[in-house]
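S.K.: One structure follows; several queries about it will come next.
The values are calculated or read from the model by the stated rules, or taken from the named source; none is laboratory data. Predicted, not measured: the structure shown is a model, and the values here were computed from it. As a convention, Cβ positions derive from the backbone with ideal geometry for all residues, glycine included, and neighbour counts pool all protein chains shown.
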Amino acid sequence: MKYVKDKELLIIITIYIFITINLIIKDMVLYVNVINPIFWGTILIYLIWNIKKYYIRFNVNKKYFIAIFIISCVHVVAYFYIGFIFGFSKSPYNHDILSILENTITRLLPIISIEITRAVIVTRNKNSKLILVITTILLILAEINYSVLMTNRKELFEYIFSDVVSIISHGILSTYLTLKGSYLLPVIYRLLNKVIMLLLPILPNINWFLSGSINVISSVVVYILYKYEFIKENKDIRKQKNNLKSKISYTLAISLSVALICFMIGIFKHEPIAILSNSMAPTFNRGDVVVFEKLKEEQLKEISIGTIIIYTIGDQNIAHRIVDVKKENGIVLYKTKGDFNNMEDKEEVQINQIKGVYKLHIKYIGFPSVWLYDFFNNESAKVETK
């Protein structure tokens, strides 16, 4: 660290992380509303006060800024559009003047300070890969909510995938954009998305898996686009050709990833669920994935005895075979049974509970879901899951 410029900033951030882990666990509200904004606000004031010492020439190519603004807008529009598929819920943020001011201080100020701190350290130590990695890791750790360590396994896992993975992808992307372009690129990208999320009265009602996937894919897309633009500035034609091949490969990979995510979350007509019990053995077994077809209400009324249906009871998904159909007071009721079970299911199924009908199954690939369920609930699974 002898020849590291601004190592005092790295040391301060490291100490802050160790101190605040304990504070966050004890009082998350105090940390978010008081300690964190004061710390990053102080860092920002310090950097501004020493502007001459930390003055750095950044690339100010306007097309980079316009591109990141457009990408951010597209990300927000795409994110909001998902609400038309999964529905909307009321925003958790208040929108009166005082609340907006409070959110600006507690949510936006730290982002600005973190990115300017990143710019100072990264730009002044750009020839040291070790310092770039250390800086990125420290700033990622500084944004994690450690209070989830006190929650149950399921909440911890969901937070890691939805938030921690997003923080990591944003942190890596921010370092790359800062190093290649300007600190303004990650500031624009992160602030625009955050500001709109804070100001919207309603937000898409999406789960942790989709939320994390959107953020990671968005970061990868921004990285690919800017990598192409940065290399295109280089006069080496060979690099440009190689980058074009990489761009095509990345585009295909992202397209397949998006399609897979859309399939898994049920945007398409067919949807998968993991089988967590052996109630339908030998037709399909624990650890298999069943793909079912979603049907309209008119089509559901035509399903007959012998059809395997996927239906819900509460928040549980069940895949069993229809063994009887009857009507009571004009309502169609389905009696179901697992092929491996000795008795019929106790509860009868109505049409509004049915998600779809069995089409095919793929052996073994659902075991990760099985293991996660067992791990979170400390018991073997008895029902199916997404």
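S.K.: Return yes or no: is ILE131 more than 17 Å from the chain's Cα centre (by Cα) and buried (at least 18 other Cβ atoms within 10 Å of the Cβ)?
M.R.: On the way: more than 17 Å from the chain's Cα centre (by Cα): yes; buried (at least 18 other Cβ atoms within 10 Å of the Cβ): yes.
Against the criterion (more than 17 Å from the chain's Cα centre (by Cα) and buried (at least 18 other Cβ atoms within 10 Å of the Cβ)), ILE131 qualifies.
S.K.: What are the residue pairs meeting all of these: first residue in region 117-133, first residue within 13 Å of TYR183 (Cα to Cα) and small (Gly, Ala, Ser), second residue at pLDDT below 85 and buried (at least 18 other Cβ atoms within 10 Å of the Cβ), Cβ atoms under 6 Å, and 6 or more apart or on different chains?
M.R.: Between residues of region 117-133 that are within 13 Å of TYR183 (Cα to Cα) and small (Gly, Ala, Ser) and residues that are at pLDDT below 85 and buried (at least 18 other Cβ atoms within 10 Å of the Cβ), the close pairs are ALA119/TYR183.
S.K.: Does ASN145 fit the bill of being modelled with pLDDT under 90 and over 17 Å from the mean Cα position of the chain (by Cα)?
M.R.: No, not satisfied.
S.K.: Any idea which of (1) surrounded by 11 or more Cβ atoms within 10 Å (Cβ to Cβ); (2) at pLDDT 70 or above; (3) more than 19 Å from PRO110 (Cβ to Cβ) is the one GLU8 doesn't satisfy?
M.R.: Of everything listed in (1) surrounded by 11 or more Cβ atoms within 10 Å (Cβ to Cβ); (2) at pLDDT 70 or above; (3) more than 19 Å from PRO110 (Cβ to Cβ), GLU8 misses just condition (1).
S.K.: Shifting gears a bit: Any residue in region 299-320 that is assigned to a helix (DSSP H, G or I), closer than 15 Å to GLN353 by Cα, assigned by TED's automatic domain parsing to the domain that holds GLU348 and at pLDDT below 90?
M.R.: Of region 299-320, the ones assigned to a helix (DSSP H, G or I) are 299-300.
Now drop any that are not closer than 15 Å to GLN353 by Cα, which leaves 299-300.
This time we only want the ones that are assigned by TED's automatic domain parsing to the domain that holds GLU348, so: 299-300.
Among the residues that remain, those that are also at pLDDT below 90 are: 299-300.
Checked against the condition, which is being assigned to a helix (DSSP H, G or I), closer than 15 Å to GLN353 by Cα, assigned by TED's automatic domain parsing to the domain that holds GLU348 and at pLDDT below 90, region 299-320 yields at least one hit.
S.K.: Do you know which of the residues in region 101-128 that are of a type in the set (S, T, N, Q) and in a helix (DSSP H, G or I) is surrounded by the fewest Cβ atoms within 10 Å (Cβ to Cβ)?
M.R.: The qualifying residue surrounded by the fewest Cβ atoms within 10 Å (Cβ to Cβ) is THR104.
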